[in-house]
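This report refers to the structure that appears directly beneath it.
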Amino acid sequence: MQNCGMNTFSLRPAEPRDVPAIVELIRELADFEHLTHLVHATPEQLLPHLFGPRPVAEAMVAEVGAEVVGFALYFTNFSTFLAKPGLYLEDLYVRPAYRRAGIGRAMLTRLAELALARDYGRFEWSVLDWNVNAIGFYEGMGATVMPEWRICRLSGDALQAYKR
């Protein structure tokens, strides 16, 4: 449990019961990014990819009380240059009312720790070039914004900084 303003939040691995809330948050993220026309996800479509016999992604949720207020969806990628797997963050979203309370930072920190625990070589994600608030936030956490790719990366010393 961590403090979120007047509330306490917790992070945990997503469970099958969270899939409807995750899909709703995906829709909110798409609205924020002006991409609602691209969202086709339903709980029934997402469930097997997170919890089926051959999951291809994982998710983490942030809760305040019993309400899921944020999520991170991620999967393993691979670097041929490092000859190591990596963790790729597909989406991270926190409802506006809960932003600037440490939830996003806590999720990114937890994912960096997970990458280290799994002996991954990188932790990467993408950011829209117009999202200057997010870009500043990620750079403040030690990520390198790669302008030609718009890829964010924690590696080397920046990734090691999250080691406990």
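Derivation of every value follows stated rules applied to the coordinates shown; laboratory data play no part. Note that the structure is predicted; figures quoted are calculated from it, not measured. Reconstructed Cβ throughout: ideal geometry from the backbone, glycine too, with neighbour counts over all protein chains shown.
Rank the residues 84, 163 as a footprinting-exposure proxy: fewest other Cβ atoms within 10 Å of their Cβ go first.
The order, fewest Cβ neighbours first, is 163, 84.
Per residue, how big is the convex hull of segment 2-160 when only Cα atoms are used? Give it in Å³.
Taking only Cα atoms, segment 2-160 has a hull volume of 125 Å³ per residue.
What three numbers, in Å, describe the spread of the alpha carbons of segment 95-164 along their principal axes, ordered from the longest?
Projected onto the principal axes, the Cα atoms of segment 95-164 cover 32, 31, 15 Å.
Given +1 on the Cβ of Lys and Arg, -1 on the Cβ of Asp and Glu, and no further charges, what dipole in debye does the chain carry about its Cα centre, rounded to the nearest 20?
Here the size comes out at about 480 debye.
Suppose we keep just the DSSP beta bridges with both residues in segment 2-160; what percent of those would be antiparallel, to 5?
The antiparallel proportion sits near 90 percent.
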